[in-house]
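The values are calculated or read from the model by the stated rules, or taken from the named source; none is laboratory data. Since the model is a prediction, treat every value here as computed from it, not as a measurement. Positions of Cβ are generated from backbone atoms using ideal geometry, with glycine treated the same way; all protein chains shown enter the neighbour counts. Each accessible area value is taken on the protein alone, full model and side chains, heavy atoms only, with ligands, DNA and RNA left out. Shrake-Rupley method; radii C 1.70, N 1.55, O 1.52, S 1.80 Å.
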Amino acid sequence: MILVTGATGTIGSEVVRQLAARGEKVRALTRDPAGAQVPPGVETAPGHHRDRASVAAAMAGAQAAFLVGVFGPDDAEHDRGLVEAAKAAGVRRIVKLGAIGTGDPRLGRFGTWHLHGEEAVRASGLEWTILRPSAFASNTLSWAAAVREGIPAPNMMGAGKQGVVDPRDVAGVATAALLDPRHAGRTYTLTGPETLSAHEQAAVLAEILARPVPLHDLTPEERREHSSRPA
């Protein structure tokens, strides 16, 4: 049995799908088992990464676990708790989803979000793999409404550049690490073949769509307002 936490999220849902496609026995941890859309044969378990008791119950009988425990700066101890729960339940192999640049002091507080969890993973005594993906290609789906309407889409990156990775590829690496012990003890940074600015990403879309994809460069105040809007 392989437990997938964050099982309805961007990466977790794809890990569930890929494991199920390989015929693996999968349990998906979700806050809403009744509403979760999972492949046939996948077991669902009610719970949340911040609810230690529910995590412990879901871990029972699992041999491997995919751990998604950080959704913001206040989740560090819950991230560590996932590792502790896995070890207590007798899980043998864990794959932790982290973020590019974890531990880099140049990133400020953001670089510390996954740090406690990574430290717990390495100290766990289990077979472990850490994945540090860069920005997801799917993030630009937030531009979809603006692109359809032909109005400038919000650029929250400014002039910065970043590697872009397909979430399906991240899930593919996670799936391989969950199934193959040769990935144990490895930390993988997952990124694209080049760094791109938001305007360069928009240029790629413009070429594919055969029409302009304009962007609006947000001010710091506009970025804060945009980030605080409900999803």
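Projecting the alpha carbon convex hull of the range 116-231 along each direction and taking the average yields 9.4 nm². Taking Lys and Arg as +1 and Asp and Glu as -1, the other residues whose beta-carbon sits under 10 Å from that of Thr44 total -1.
Translational diffusion of the range 102-173 was estimated from the Stokes-Einstein equation, with Rh taken as the Kirkwood radius over Cα pairs; at 37 °C and 0.692 mPa s the coefficient is 218 µm²/s.
Quotient of the Cα radius of gyration of the range 37-114 and 2.2 N^0.38 Å, N being its number of residues: 1.21.
With a cut-off of 14 Å on the backbone N, the residues of the range 97-126 near the modelled label site 7 Å out from Asn139 along Cα-Cβ are 99-102, 110-111.
Applying D = kT/(6 pi eta Rh) to the chain, where Rh is the Kirkwood radius over alpha-carbon pairs, T corresponds to 10 °C and eta to 1.306 mPa s, the Stokes-Einstein value obtained is 85 µm²/s. Give the carbon-plus-sulfur fraction of the accessible surface of the range 70-207 in %, rounded to a whole number; probe 1.4 Å, heavy atoms of protein chains only. Ligands and nucleic acids excluded, carbon and sulfur give 55 percent.
The sum of -39500 (n - 2.57) across all DSSP H runs of n ≥ 4, divided by the residue count of the chain, sets its helix-only mean residue ellipticity at 222 nm to -10000 deg cm²/dmol. Between Glu84 and Ile151, residue separation times 0.36 nm minus the direct Cα-Cα distance comes to 19.3 nm. Label-to-label distance for Leu107 and Arg31 is 2.4 nm, based on points extended 7 Å past Cα in the beta-carbon direction. Modelled spin-label separation between Arg168 and Arg182, with each label point placed 7 Å from Cα along the Cα-to-Cβ direction: 2.4 nm.
For the range 62-134, the solvent-accessible area works out to 42 Å² per residue, with a probe of 1.4 Å and every protein chain left in place.
So how far, in whole Å, is the C-alpha centre of the range 138-159 from the one of the range 73-99? Their Cα centres are 34 Å away from one another. Along each principal axis, taking the top coordinate minus the bottom one, the Cα set of the range 1-76 gives 35, 25, 23 Å in descending order. Counting only aspartates and glutamates at least 8 places from Lys87 when in the same chain, those with an alpha carbon closer than 20 Å to its own are Asp51, Asp75, Glu77, Asp79, Glu118, Glu119, Glu127, Asp180. The Cβ shell under 10 Å around Phe71 holds other residues with a net charge of -2, Lys and Arg each +1, Asp and Glu each -1.
What net charge do the residues around Arg182 carry, taking every other residue with its C-beta under 12 Å from that of Arg182, with Lys and Arg at +1 and Asp and Glu at -1? Summing Lys and Arg as +1 and Asp and Glu as -1 gives 0. For the residues Gln63, Gln18, Gln201, a GNM of the chain with alpha-carbon springs under 10 Å puts the largest fluctuation on Gln201. Just so you know, the Cα atoms of the range 74-139 work out to an Rg and Dmax of 12.4, 37 Å.
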